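Notes to accompany the following structure.
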């Protein structure tokens, strides 16, 4: 029995993992037990916005851990207050609830909307969500999500989440009724295959919400915190949500999330929301460090440059190898493949030193660190091309 087997047998096997153990990370790279380097274009599913083990996070953790790790949600602490102020200052929101995971923040958004519905819409509780959407893995958020098959995993489903079709405004309009309180979506569906909401659709949703007195909730767990090239994805549409959730990149690898809302729908009363670790000073201090890095001069501009470089490179590869669409924004991009070989490409790329994700069998998703360099993007494109050429040739031989 190998050491790896001994070390993992007591972990619940919740996903298939390759026979590799990572022991260290630095910037855009992960290193395994043998010291081999892997260019990481997953970054924890868009979590490590500053790459692995960035100095600003290491310093923030050490500094805050030596001062105050947690007190209790029953008391104020300075890092939580400062992070909330930063988020409000740089967004269209007015108040913040700090949580731990994206699913928890999204649960809070649904609770806030339903509370608002109790107070202002005769108890309306339905939240229109979308097919192929992903909002988390709690029972309620699996019900809110539109991931195929999830409606049969852990029945019964939590009611109140009718599903519309992304970029089809009529499908949304048809679901609005007296019990509708809100519309909730990701500006870009990440797990769904990097499917962006169109400009016309997002503006149409805002108009529908205004017309029918509904709340617009944007799940920016993946698209927020600079991932799409602006601090928040909604800023690219010229609209403002009523409620927004953040996570993933907000902690740069440390678990923290946030529920943000405009004043008119901040209706929680004492006891409506909480959580043992919510707003703890340790993770809030990291959130401050990360957010200050995001708003530093030149940071967002680098995302734009690297996004254009990666987009151009993916489009050239697609053209040369007769593949499909390149879509997304910022450093959340996808390449449509010509066949359902995504898992094989991911496996081959890993053996070539590049870590990729295939959210759908015919799609690759790219989520490199937001501070990636020109050289790192160029190297990743080179490995990707070689891998795709090899997989295509292997597929041709198999046929």
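So for the pair residue 119, residue 351, with labels modelled 7 Å out along Cα→Cβ, what separation do we get in nm?
Distance between label points: 5.8 nm.
Quote the FRET efficiency, to the nearest 0.05, computed for residue 139 versus residue 212 with a Förster distance R0 of 35 Å and r equal to the Cβ-Cβ distance.
Efficiency computed from Cβ-Cβ geometry: 0.80.
Take 322, 40 and order them by how many other Cβ atoms sit within 10 Å, fewest up front. Before the final figure, lay out the partial values.
Numbers: 322 8, 40 26.
Fewest to most other Cβ atoms nearby, the residues stand as 322, 40.
Expected output is a single nm value to one decimal: the length gained when fully extending between residue 45 and residue 272, i.e. 0.36 nm times separation in residues minus the C-alpha distance. What is it?
78.7 nm is the gain from fully extending residue 45 to residue 272.
When only C-alpha pairs under 8 Å and at least 6 residues apart count, what is the relative contact order of segment 161-204, in percent?
This gives 35 percent for segment 161-204.
Looking at segment 323-382, I'd like the Rg to Rh ratio, where Rg is from alpha-carbon atoms and Rh is Kirkwood's inverse mean 1/r.
Ratio of gyration radius to Kirkwood radius for segment 323-382: 0.95.
What's the angle, to the nearest 10 degrees (0 to 90), between helix 281-294's Cα axis and the longest principal axis of the chain?
70
In percent, how large is the relative contact order of the chain, given Cα pairs closer than 8 Å and 6 or more residues apart?
It rounds to 22 percent for the chain.
If you build the convex hull over the alpha carbons only and average its shadow over all orientations, what do you get for segment 55-294? Give it in nm² to one decimal.
The number I arrive at for segment 55-294 is 12.6 nm².
Identify which of 159, 18, 361 has the largest mean-square fluctuation in a Gaussian network model of the chain, with springs joining Cα atoms closer than 10 Å.
Checking each option, the largest mean-square fluctuation is seen for 18.
If the label point is 7 Å along Cα→Cβ of residue 304, which residues in segment 209-251 have backbone nitrogen under 16 Å from it?
Within reach of a label on residue 304, which here means backbone N under 16 Å from a point 7 Å along Cα→Cβ, segment 209-251 contributes 226-233, 235-238.
For segment 155-313, just list the percent of Cα-Cα distances falling in each 10 Å bin from zero outward, please.
P(r) over segment 155-313, rounded to whole percents: 9, 32, 36, 19, 4, 0.
Output the Cα-based Rg and Dmax of segment 124-218 in Å, rounding Rg to one decimal and Dmax to a whole number.
For segment 124-218, the Cα radius of gyration and maximum Cα-Cα distance read 12.6, 36 Å.
Give me the mean projected area, in nm² to one decimal, of the convex hull enclosing the Cα positions of segment 283-351.
6.6
Of 273, 362, 308, which has the largest mean-square fluctuation in a 10 Å C-alpha GNM of the chain?
In the Gaussian network model the winner is 273.
Only counting other Cβ atoms within 10 Å, I'd like 116, 41 sorted with the fewest neighbours first.
Numbers: 116 23, 41 26.
With the fewest neighbours first, 116, 41 line up as 116, 41.
For segment 266-287, list residues with backbone N below 16 Å from a point placed 7 Å from the Cα of residue 59 toward its Cβ?
From segment 266-287, the list is 285-287.
State the extension gain, in nm to one decimal, for the chain segment bounded by residue 11 and residue 151, taking 0.36 nm per residue of separation less the distance between their alpha-carbons.
47.8 nm
Over segment 140-270, what relative contact order in percent results from Cα pairs under 8 Å that are six or more residues apart?
Reported as a whole number, the value is 16 percent.
If one takes the longest principal axis of the Cα atoms in the chain, at what angle in degrees, from 0 to 90 and to the nearest 10, does the Cα axis of helix 374-398 lie?
Its long axis makes an angle of about 70 degrees.
Taking the Cα atoms only, what angle lies between the long axis of helix 299-321 and the longest principal axis of the chain, rounded to 10 degrees?
50
Quick one: length gained pulling residue 85 to residue 312 fully straight, 0.36 nm per residue minus the C-alpha distance?
Numbers: separation 227, 0.36 × 227 = 81.72 nm, distance 3.74 nm.
So the chain would gain 78.0 nm between residue 85 and residue 312.
Which residues does the label zone of residue 203 cover in segment 225-262, counting backbone N under 16 Å from a point 7 Å along Cα→Cβ?
234-241
No value in this document is a laboratory result; all are computed from the given coordinates. Please read all numbers here as calculations on a predicted model, not as lab measurements. Don't worry about glycine lacking a Cβ; one is built from the backbone with ideal geometry, like all the others, and counts go over all protein chains shown.
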